[in-house]
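Working notes for the structure below.
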Amino acid sequence: MGNCACGGGGGAAGPFAEGKELVEFVYNAHGGSLRAQTIPDNGLDTNCQGCGSAFTLTTFVGLCPNCGGVHAISPPRVADPTAIQFAGKEFTL
């Protein structure tokens with residue numbers, strides 16, 4: 001899972017994008033199949049970047065169980081919890 005040679009859908013979106021752009025990229029990557037794949041080693045412990053609640057991101061795109069904030073990480077960055085990106089408080093899937 002450490003390598004993702006995903007092609008961007010235009011613009012700066014790609015596996016190293018930030019914020020909403022990264023969330024949208026991962027959500028749509030590989031025809032949408034990546035978003036629900038399980039993150040290795042039981043996921044990544046993090047805090048919601050919207051409400052601050054602690055949770056574990058277990059799939060490449062996931063929701064904060066407290067506020068529903070959408071977070072994502074791309075496969076090339078999956079070993080680094082600080083690389084988890086937040087789509088913003090108004091973003092919904």
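The numbers here are math on the coordinates, done by the rules we state, and not lab data. Because the structure is a prediction, the values reported are computed rather than measured. Methodologically, a virtual Cβ is constructed for each residue, glycine included, from the backbone with ideal geometry; neighbour enumeration extends over all protein chains shown.
Annotations
- Coordinate range along principal axes, alpha carbons of the stretch 44-93, Å, largest first: 26, 20, 15
- Here's the picture: charge each Lys and Arg Cβ at +1 and each Asp and Glu Cβ at -1 in the stretch 8-93, and of Ser53, Leu93, Ala79 the one pushed furthest to the positive end of that dipole is Leu93.
- In the chain, Rg over Rh equals 0.93, where Rg is the alpha-carbon radius of gyration and Rh the Kirkwood radius from pairwise Cα distances.
- Once both labels are positioned 7 Å from their Cα atoms along Cα-to-Cβ, the gap between Gln37 and Thr58 label points is 1.8 nm.
- Chain lengthening between Lys89 and Asn66 when straightened (0.36 nm per residue, less Cα-Cα): 7.0 nm
- Rounded to the nearest 10 degrees, the inclination of helix 19-28 to the longest alpha-carbon principal axis of the chain is 60 degrees.
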